[in-house]
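Take a look at the structure set out below.
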Amino acid sequence: MKTKSITGVAVFLTLAGLLLTQTGRIVHAASVTLSWSFDYSVDPGCTAALTKNCVTGFEYGITPDGGVTLNKIGTAPNPNPVPTTLTNGITAAFKQGPPYGSIVYYVRTTAVDGNGNPIFSPAAVAQPVQIIPGQPQNVAVTSVK
């Protein structure tokens, strides 16, 4: 009886491993990539020569109420070299755990004013997405009795 159980477990693990290699991906947590456009021809990016009245980069995070409350996750710098035209495909990529459920991400522009003080644009919000927990990893049989 013990041999049949071990054989059954071995076949199951082999099939599970085959299925994972055929699908080509194992998800450990939600991998999120935010992407946006920005018009540097209107609002110039900061450079070594331009340090005031310029855009320093972007802040991104989640918002539970459509952009009123902002929970910062991170920052993204201007592209390098700093563009001078409308630029598409500026991105920030990160892993996301809790909170789970419907999440709304935001991005806002960070800049410095004429006195060198930090200032921010209003938040631009994305459509809600569902975040779920990652699946277990390295599942193994540790005992068969």
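Looking at Pro128, Pro122, Pro133, Pro118, just one residue is touching a Phe, Trp or Tyr at 6+ places or on another chain (Cβ under 8 Å) and either closer than 30 Å to Phe38 by Cβ or not basic (Lys, Arg) (or both), and that residue is Pro133. Pairs meeting the criteria (first residue in the range 100-117 and more than 24 Å from Thr87 (Cβ to Cβ) and touching a residue at least 60 places away in the same chain (Cβ under 8 Å), second residue part of a loop (DSSP other than H, G, I, E, B) and β-branched (Val, Ile, Thr), beta carbons under 6 Å, at least 6 apart or on different chains) are lacking.
Residue count for the range 52-95 under the criterion of being under 18 Å from Ser37 (Cα atoms), without any contact (Cβ under 8 Å) to a residue 40 or more places away in the chain and among the β-branched types (Val, Ile, Thr): the result is 1.
Return yes when Gly66 is over 21 Å from Gly134 (Cα atoms), modelled with pLDDT under 95 and in contact with a strand residue (DSSP E or B) (Cβ under 8 Å, 6 or more places away or on another chain) and no when it is not. Answer is yes for this residue. Out of everything in the range 40-71 that is within 18 Å of Val112 (Cβ to Cβ) and in a strand (DSSP E or B), what residue ends up being farthest from the chain's Cα centre (by Cα)? Looking at the filtered set, the residue picked out is Cys54.
Tell me, yes or no, whether the range 107-124 has at least one residue that is of a type in the set (Phe, Trp, Tyr), touching a strand residue (DSSP E or B) at 6+ places or on another chain (Cβ under 7 Å) and either within 15 Å of Cys46 (Cβ to Cβ) or exposed (fewer than 14 other Cβ atoms within 10 Å of the Cβ) (or both). Within the range 107-124, one or more residues are of a type in the set (Phe, Trp, Tyr), touching a strand residue (DSSP E or B) at 6+ places or on another chain (Cβ under 7 Å) and either within 15 Å of Cys46 (Cβ to Cβ) or exposed (fewer than 14 other Cβ atoms within 10 Å of the Cβ) (or both).
The values are calculated or read from the model by the stated rules, or taken from the named source; none is laboratory data. In this text, all values refer to a predicted model and were calculated from it rather than measured experimentally. All Cβ positions, even for glycine, are placed from backbone atoms using ideal geometry, and neighbour counts span all protein chains on display.
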